[in-house]
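Comments concern the structure below.
Just so it is clear, none of the values below were taken in a lab; they were calculated from the coordinates. Source: prediction; values computed, not measured. Note that we place each Cβ from the backbone using ideal geometry, even for glycine, and neighbour counts take in every protein chain shown.
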């Protein structure tokens, strides 16, 4: 048997008792990430990078249907470009990491390490766009970004370096640009709800929370079982501000000079952190089948007398499932007990466990166990591939249903400030009438030690009857979502 230090140990704390410690243990023991000597920068291990690749594949295929093309722009941004749009640079200045020296020589100009790419991309767009025939211009890039956060870093959820996509588009007409903002936001909803089985709420950001330099921002938001919200993705309408700053203009159909309208939009590996928090349990992570790096593991249960027979049948099952398109692995390691393997694969979040023992071989069956519910079924070998396909579909649906129920049950409609305070202490998502005044937002944040407006949800604001702000009593201008967040 392997030594204790050589094996993956189980989670030693319950999620409900200490979610932060649980999360820290899960990402390491499930082999998702590894810390480095630079705070806020981590190693994305293969198991978690495979999840990111699944998200990337889904979203990339969808934006290409909209005519978006991928490109790559440098990670280093000269200071003179970064400062071209005043409001934008002021919003990012505290988080910018700078390169001031190359080798042994000081640089003539500081270089910002990409916090976001508006400035370097739009400098190029000014060279590329001349006529209305050059529009719309739709470019996306899959890259890393650096924001030198000074808050306590949380792997995936808040770090100094993260992976993301950022789309940057240019349109001749404002209506076309604004339509895309919502089209992309709907794609983000699909990423989270259809792929990650995470319910999200679409809405418009308040003025004080919008992207620096944007005319307005939209977002999808959710509340995790930790009691903290996560901004899942954002889609911004930048208007003409950046175009004016960077000299982007074009000749329209009447040969008149015109200024285009721009958008930017992105989601990041923060999405994976939300998934871990939402679906994980005291045994480890639970991964929705649509993004799971491994759908099934075949575990032979062997005894000396029947060992060769069982191993042969287990391999046969694994090979047949691979041919049927199932992502499956055969765990035939003989230095671990079957029980130890069960625990390890539960920790790592494999969707289905397929057990094969001597009696199963005799009955030409296998035992299939679902990771999310622990449901155990005896399935004929001939029906295994079809059964796995239906179970994976059911698991994806059930995980979303469970997550949606959690979000609904943990949402409070606060009618008074005392109800708001009570809900914040209970770590709830709060829906309330709000004045949308920045001073009020600051006061709420100070009084509650961090609660802020996540967005102004579209659905709630369709039918809302405006009254008074729950906090300050001034006339309310919208229904808002509030919570503490990462």
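With 0.36 nm allotted per residue and the present C-alpha distance subtracted, the residue 449-residue 316 stretch has 42.1 nm of extension available. Based on Cα contacts under 8 Å between residues 6+ apart, region 13-279 shows a relative contact order of 19 percent. Sorting 224, 116, 448 from the fewest to the most surrounding beta carbons within 10 angstrom yields 448, 116, 224. As a proxy for reagent exposure, ranking 52, 340 by other Cβ atoms within 10 Å from fewest up yields 340, 52.
Taking every C-alpha pair closer than 8 Å and separated by at least 6 residues, the mean separation divided by the residue count of region 294-394 gives a relative contact order of 30 percent. Size estimate for region 294-394 follows the Kirkwood approach: the inverse of mean 1/r over distinct Cα pairs works out to 13.3 Å. Helix 384-409 versus the longest principal axis of the chain: what is the Cα-based angle in degrees, 0 to 90, to the nearest 10? Long axis of 384-409 versus the principal axis of the chain: about 50 degrees.
Comparing region 214-337 with the 2.2 N^0.38 Å rule of thumb, its C-alpha radius of gyration ratio is 1.93 (two decimals). Each label point was placed 7 Å from the Cα along the Cα-to-Cβ direction; for residue 426 and residue 95 their separation is 3.2 nm.
For the pair residue 438 and residue 417, label points projected 7 Å from Cα toward Cβ lie 2.2 nm apart.
Computed from Cα atoms alone, the Kirkwood hydrodynamic radius reported for the chain is 24.9 Å. Under the criterion of Cα pairs below 8 Å and six or more residues apart, the relative contact order for the chain equals 14 percent. Rg/Rh for region 13-279 (Cα atoms only, Rh after Kirkwood) is 0.98.
Relative to the dominant Cα principal axis of the chain, helix 338-348 is inclined by about 10°.
If the Kirkwood radius is taken over C-alpha pairs of region 213-264, then at 10 °C and 1.306 mPa s the Stokes-Einstein diffusion coefficient equals 119 µm²/s. With all pairs of different C-alpha atoms in the average, the Kirkwood value for the hydrodynamic radius of region 349-445 is 17.4 Å.
For the chain, the longest principal axis of the Cα atoms and the long axis of helix 307-323 meet at an angle of about 30 degrees.
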